[in-house]
Amino acid sequence: MSDRTHVVVIGGTSGIGRHFAESCAARGNDVVITGRTEDRTKGIANEIGGRTRGLALDLSDPEGIVAGLADVQRVDRLVLAALDRDYNTVREYRPADATRLLTVKLTGYTTVLHALASRMVDDSAAVLLGGLASHRPYPGSTTVTTANGGISALVRTLAVELSPIRVNALHPSIVSDTPFWSDKPGAREAAATRALTKRPVTMQDCTEAITFLLENRSINGVNLNIDGGDVLI
């Protein structure tokens, strides 16, 4: 077994997950990324380069997660960044769409930790990705707000049950340079205006925050907001 750090990024084919995976690969770590489809995930792993490999994994199908992660032998650092998007209101509720998102973020994340816990050591750490919709709901965020609020609670029970493995969560506001937000200048500008820092949150900000949560040995069971002070107003 290699002495290099072994990093697993669930949902590492785009956005924050990919950005973090790229930073790990650049440091020479062994990196596993997952995505929904095999060809795309392996192609992106090749693009990231270094010691990166890709596995197909669909968190909306929790029954397949254990088998999908069967050949991951060691996990020093785990980041759960997979997401699904759902614009859903109570008045025009679509239960199937809501169920898919909640399955990915809550049942899926928990099943990944179930599958990998035996391959983690006392010094291992995990970070779950939530979001500030848990604090700042908006029209259509019913499911997203519920899921991210669930992440906040899930982190606390995981930290207790998996001790001494550390488990934390990162809750970003709009991350301006992700593929989803990069072509929405109005939303990006509004987020920057609300922030006390008067600048948007970036993927680099998130990668640095994830690294802090993973590496600081006294940080455990923490839900860290990364929003430039938005929630203070």
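For the chain, a Gaussian network of Cα nodes joined below 10 Å ranks 183, 58, 30 by mean-square fluctuation, and the top entry is 183. Projecting the Cα atoms of 157, 195, 131 onto the charge dipole of the chain (Cβ charges, centred on the Cα centre) puts 195 farthest toward the positive pole. GNM on the chain, C-alpha springs below 10 Å: top fluctuator among 171, 19, 135? In this elastic network of the chain, the residue with the biggest mean-square fluctuation among 171, 19, 135 is 135. Could you work out how far helix 142-162 tilts from the main Cα principal axis of the chain, as a 0 to 90 degree angle to the nearest 10? Relative to the chain, helix 142-162 is tipped by roughly 40 degrees. Across the range 99-210, Cα-Cα distances exceeding 17 Å account for 61% of all pairs. Between 115, 21, 67, the GNM of the chain built on Cα springs shorter than 10 angstrom shows 67 fluctuating the most.
When the alpha-carbon atoms of the chain are used, the pair Rg, Dmax equals 16.9, 54 angstrom.
Residues of the chain: accessible area per residue at 1.4 Å, in Å²?
On the way: 10930 Å² over 233 residues.
About 47 Å² of surface per residue is accessible.
Were the residues from residue 26 through residue 3 laid out at 0.36 nm apart, the gain over their Cα-Cα distance would be 6.7 nm. Each Lys and Arg adds +1 at its Cβ and each Asp and Glu adds -1 at its Cβ; summed about the Cα centre, the range 173-233 shows a dipole of about 140 debye. Its Cα centre serving as origin, the chain has a Cβ charge dipole (Lys and Arg +1, Asp and Glu -1) of approximately 320 debye. Taking N as the residue count of the range 67-163, its C-alpha radius of gyration divided by 2.2 N^0.38 Å amounts to 1.18. Can you give the FRET efficiency for residue 53 and residue 233, using 1/(1 + (r/R0)^6), R0 = 45 Å, r = Cβ-Cβ distance, to the nearest 0.05? Once rounded, the FRET efficiency stands at 0.55. Spatially, the range 54-107 and the range 182-233 are offset by 23 Å when compared through their Cα centroids. Projecting the Cα atoms of 147, 73, 41 onto the charge dipole of the chain (Cβ charges, centred on the Cα centre) puts 147 farthest toward the positive pole.
The values are calculated or read from the model by the stated rules, or taken from the named source; none is laboratory data. Remember, predicted model here, so these are calculated numbers, not experimental data. Here the Cβ is made from the backbone with ideal geometry for all residues, glycine too, and neighbour counts use every protein chain on show. Areas reflect the complete protein model, heavy atoms only, side chains present, ligands, DNA and RNA absent. Shrake-Rupley method; radii C 1.70, N 1.55, O 1.52, S 1.80 Å.
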